[in-house]
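Encoded as C-alpha cells, the structure appears first; notes follow it.
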Amino acid sequence: MNDPAPEVRQRAVDEADLRVLLMCLVHLTGDLRWLDPPFTPRRDVRLVAAPDAGLPAPVQQEIRSAALQLLADPPPQPAIVDPGPELMLRMMRVCLGEDVPAEYSPMMREELAFISRDIGLQPVSSCVGSGQRMRVLIVGAGVSGLALGAQLGRLGVEYTIVDRETEVGGTWWLNRYPGCGVDTPNHSYSYSFGRRNAWTRYFSLRDEIHAYLVRCADESGVRAHVRLATELVAAEWDEARQLWRASLVGPAGAEVVEAAVLVSAIGGLNVPKRPVIAGADQFAGDLFHSAQWPDQIDLRGRDVAIIGTGATSMQLAPAIADEVRSLTIYQRSPQWVRSIEGYRDNIGDGAMWMLQHMPFYVEWFRFTMMWRYGDGLLPYLRKDPNWPHPERSVNRINDRHRQEMAGFLIAELDGRDDLIERCMPTYPPYGKRILLDNGWFRTLRKPNVELVVESMTHIESDAIVTADGRRRQTDAIVMATGFETMQLTARIPIRGRDGVLLSEEWADDNPTAHLGLCAPGFPNLFFMLGPNTGLGHGGSAIFQSECQARYISAAVLAMGAGSVASMEVRRDVHDEYVRRVDNEHEQLIWTHPGMTNWYRNKHGRVVSLMPWRLVDYWAMTHDPDLDDFILTPR
C-alpha cells in the first residue's frame, strides 16, 4: 500500500462503512464469526445508509480494530476470493440485514468480479471450427459498444466498432452542458471488468465519467478496433452469402464493408428532440439543444431561457443560475424530486483511501450501491387494484413515497406558495423518471430565476411570448427537451430478409425485440439498449450493456462453433416475449391512466422500459437458447 502512515489508515477505518468492512474481514481472514451476532448490521432501507450499520459502539470498535490490524503493507493474502454460491448469499444477507433472494448470488459474484463474466464461454481459439471466425461490426462506441468490444476481445472474436463522433463515449461525449452528470452511483455505474476507478464523487460529473470510458477503451484494447468519424448510413442482409453489407461514410469517403454479425449499440439518447415553436427561426440570439452545447458559449451576464424541467434542466439550471443575469425556465409539467444525501459531495480522503487500498472493500461497496439503487423499488411500483386513491398513487408504499417527496418540496419552498403550486406534481411518483435534487428548489427561489408554466405561443427575435400575452426578453435559449426515443436503430435504413426495412417492422412508433436484442426477419442483427431494456425503477445502463454483451458474445461463439451461418429469432418467440412485457407493464405504474411520459408511444404502450428485475434480465440474457432461433447452416 503506497501510504502506510498509521493516521491515514486510522482515518480510513473510522470513515468506513462497517457493513462493507465486515465482508472484507471475511475475505481476508476466512473467519465466519464476523457474520454472526453481535456483528450483524441492522437493516437500513435509506439510499444512503448510516456507516455505523446500527451497531453498538463497542462492536464497532472491535470491527475497526480488526480491520486496522489487517491493513499491513503488503496486505495479507485473502483466505477467500470467491465465496461460492452459498457463502455469497449468506454474506449478502448479513451485509444488508435482509433476506436477499438466492438468485442474486450468481449474478453478484459476476458483478463483483469474484468469478469471470465469461464463465462458460469458450474462446475462439478453443472452439470447434474456430478457423471460420465470425466478424462482428458494432455501431456505436458508447458504454454498450465498449462493453461488447471488451468481451469479444477477451474471447478472441474479430470485431470493428464504428462511431460517427470523433471520440468514444457515446452520450457522455456528446453531452457537455454545465452540471451534466450521472444520477446512479458511480460504483454501480461502471463496468464489472477492468481496473476499479478512483472516483472523486459518489455521483460524478460528465468529465470524470467520460475520462473513465476513455480509459476503459484504452486499457481493454478496444481502442485499436474503433474507427471514429465513421457513420453507418445503411445496411442490407445478403441472403445468398449470409452476411451484412454495411454502407459506411468516413474520413476517406463512402465504402461498403461486410460482416457476419451486425450490432447496433447506438442506444436511444443521441438524437436531440427539438420542439417546433413558431418564430424560432427568427430568433437573433443563441438557440441550441442541451446535447449540442456550443464549445465557446458564454452565458455570463445574459438573459437565458431553458425550455424543459426534466433531468437535464435540473442539472443545468443550478449550475448557471448564479452567473446569468436572469434565468427563465419554461415548464410543461412538474417532476417528482428525491433528496439524496451526498449527491454532489466529494468522497472524503479516508473513504477514498479505503476504496483504493482495502482488499474487497470497493467490490462490496459496489454491491451495496447496486442493491440500494436496483431492484428494491420495483415491487412498490405495482398497481394495487384495491388502493382507494389511484388518482395520487398506486399503492400504500407509493403513497408514502409521495408524502415524503411532497414534504421535501414544501420544506424547500416554504413561504413560496406560488412555487409550491407550480412544482407539485399531480401524478403518482415514479410514473415519470424520478429526479435527484441538485439544489433545484433552492435555485427556483433565487431572485433572478422565474418558473413559467404558461404555454409558449411563439418566439420573437429577442423574446419568448406565452399564452397569457407576456413577453419575456432573452438572448439565449437552451432546449432541454430530451431525445427522440421511439425510432432507435430504425432511423438507419436497415433491410433484413426479403428487403424488409426495420422502420417498417417498427412502424407507428412501436419498436419491439426479443429480450430487447433481436427482431424476426433480421438475421444476425442485435440491438444493445434496444426496446424495453431501459431502467425505470433503478439500476445502471452499464449493467444492462454487460448483460447484452454476454448474450451477443455467446450467440456469436455458438454460431462459430456449430458452423451456423445465421440465426434469426422465431416470430412466435418474439411475439410471446412482447406479450409478456406488455402484460407485466399493465400491472406497473408506467401505464397509470391520465399521465404521459417518454417511456410510452402515442398509443400508450411502454416501449422504452423493462418491466423485469435486474436479476431476471441477467438470467434471461446469460446464455441464449438456440431453440428460440431459426438456424441456417454454413
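The values are calculated or read from the model by the stated rules, or taken from the named source; none is laboratory data. Note that the structure is predicted; figures quoted are calculated from it, not measured. Positions of Cβ are generated from backbone atoms using ideal geometry, with glycine treated the same way; all protein chains shown enter the neighbour counts.
Looking at LEU631, is it aliphatic (A, V, I, L, M), within 30 Å of MET559 (Cα to Cα) and under 18 Å from the mean Cα position of the chain (by Cα)? No.
Conditions tested, residue by residue: (1) part of a helix (DSSP H, G or I); (2) of a type in the set (Gly, Ala, Ser); (3) under 25 Å from ARG550 (Cβ atoms); (4) touching a helix residue (DSSP H, G or I) at 6+ places or on another chain (Cβ under 8 Å).
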site: TRP173; (1), (2), (3), (4): yes, no, yes, yes
site: ARG176; (1), (2), (3), (4): no, no, no, yes
site: ILE209; (1), (2), (3), (4): yes, no, yes, yes
site: ALA240; (1), (2), (3), (4): no, yes, no, no
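Residues that are outside any strand (DSSP E or B), buried (at least 19 other Cβ atoms within 10 Å of the Cβ) and of a type in the set (Gly, Ala, Ser) occur at least once in the stretch 284-295. TYR177: at pLDDT 95 or above and more than 21 Å from GLU110 (Cα to Cα), yes or no? Considered against the rule, which asks whether it is at pLDDT 95 or above and more than 21 Å from GLU110 (Cα to Cα), TYR177 comes out as yes. For the condition more than 18 Å from GLY530 (Cα to Cα) and outside the structural domain of PRO390 (by TED's automatic domain parsing), MET559 qualifies. Could you check PRO593 against (1) within 19 Å of LYS432 (Cβ to Cβ); (2) buried (at least 18 other Cβ atoms within 10 Å of the Cβ) and say which number it fails? Only one criterion in (1) within 19 Å of LYS432 (Cβ to Cβ); (2) buried (at least 18 other Cβ atoms within 10 Å of the Cβ) is unmet by PRO593, namely (2). Of note, LEU529 satisfies the criterion of being within 12 Å of the chain's Cα centre (by Cα) and either under 27 Å from GLU111 (Cα atoms) or assigned by TED's automatic domain parsing to the domain that holds LEU436 (or both).
Does at least one position in the stretch 260-270 carry a residue that is surrounded by 15 or more Cβ atoms within 10 Å (Cβ to Cβ) and on the phi > 0 side of the Ramachandran plot? Within the stretch 260-270, one or more residues are surrounded by 15 or more Cβ atoms within 10 Å (Cβ to Cβ) and on the phi > 0 side of the Ramachandran plot. Can you find a residue that is over 29 Å from the mean Cα position of the chain (by Cα) and among the basic types (Lys, Arg) anywhere in the stretch 25-41? The answer is yes, given that some residue of the stretch 25-41 is over 29 Å from the mean Cα position of the chain (by Cα) and among the basic types (Lys, Arg). If the condition is being in contact with a Lys or Arg (Cβ under 6 Å, 6 or more places away or on another chain) and over 22 Å from TRP598 (Cα atoms), then the stretch 458-483 contributes ALA463, ILE464, VAL465, ASP475, ALA476. If you go through the stretch 314-328 and pick out every residue that is under 16 Å from HIS289 (Cβ atoms) and in contact with a Ser or Thr (Cβ under 8 Å, 6 or more places away or on another chain), you end up with 2.
Out of curiosity, is HIS574 touching a residue at least 40 places away in the same chain (Cβ under 8 Å) and in a loop (DSSP other than H, G, I, E, B)? Criteria not met by HIS574.
Can you spot a residue in the stretch 476-483 that is surrounded by 15 or more Cβ atoms within 10 Å (Cβ to Cβ), farther than 17 Å from GLY530 by Cα, without any contact (Cβ under 8 Å) to a residue 24 or more places away in the chain and of a type outside the set (S, T, N, Q)? No, the conditions are met nowhere in the stretch 476-483. Scanning the stretch 44-62 finds one or more residues that are at pLDDT 95 or above, farther than 15 Å from GLY97 by Cα, crowded, with 16+ Cβ neighbours inside 10 Å and not β-branched (Val, Ile, Thr).
Residues that are over 22 Å from GLN122 (Cα atoms) and in contact with a Gly (Cβ under 9 Å, 6 or more places away or on another chain) occur in the stretch 615-622; there is at least one.
Does GLY84 qualify as being at positive phi, at pLDDT 95 or above and touching a Lys or Arg at 6+ places or on another chain (Cβ under 7 Å)? No, not satisfied.
Within the stretch 167-177, is even one residue under 27 Å from GLN122 (Cβ atoms), crowded, with 22+ Cβ neighbours inside 10 Å and among the aliphatic types (A, V, I, L, M)? No - not one qualifying residue is present in the stretch 167-177.
Considering the stretch 7-40, the residues that are in a helix (DSSP H, G or I) and charged (D, E, K, R) include one that is farthest from GLU98 (Cα to Cα), namely GLU7. When GLY562, GLY521, GLY604 are checked against the criterion of being surrounded by fewer than 22 Cβ atoms within 10 Å (Cβ to Cβ) and without any contact (Cβ under 8 Å) to a residue 24 or more places away in the chain, a single residue qualifies: GLY604. Candidates in the stretch 339-383 are the residues that are crowded, with 17+ Cβ neighbours inside 10 Å and of a type in the set (Asp, Glu); of these, the one that is modelled with the lowest pLDDT is ASP375. Of the residues making up the stretch 524-566, those that are part of a loop (DSSP other than H, G, I, E, B) and either aliphatic (A, V, I, L, M) or touching a Leu at 6+ places or on another chain (Cβ under 7 Å) (or both) are ASN524, MET528, LEU529, GLY530, PRO531, ASN532, LEU535, GLY536, HIS537, GLY538, GLY539. Across the stretch 194-228, the number of residues qualifying as within 15 Å of VAL168 (Cβ to Cβ), in contact (Cβ under 8 Å) with a residue 40 or more places away in the chain and surrounded by fewer than 14 Cβ atoms within 10 Å (Cβ to Cβ) comes to 1. One residue alone among PRO123, PRO185 is in contact with a helix residue (DSSP H, G or I) (Cβ under 7 Å, 6 or more places away or on another chain) and at pLDDT below 95, and that residue is PRO185.
Among the residues of the stretch 153-167 satisfying the criterion of being part of a strand (DSSP E or B) and within 22 Å of the chain's Cα centre (by Cα), which is farthest from ILE138 (Cα to Cα)? Looking at the filtered set, the residue picked out is VAL162.
Does PRO76 satisfy the criteria of being part of a loop (DSSP other than H, G, I, E, B), over 34 Å from the mean Cα position of the chain (by Cα), free of Cβ contacts under 8 Å to residues at least 12 places away in the same chain and closer than 29 Å to TYR104 by Cα? Answer is no for this residue.
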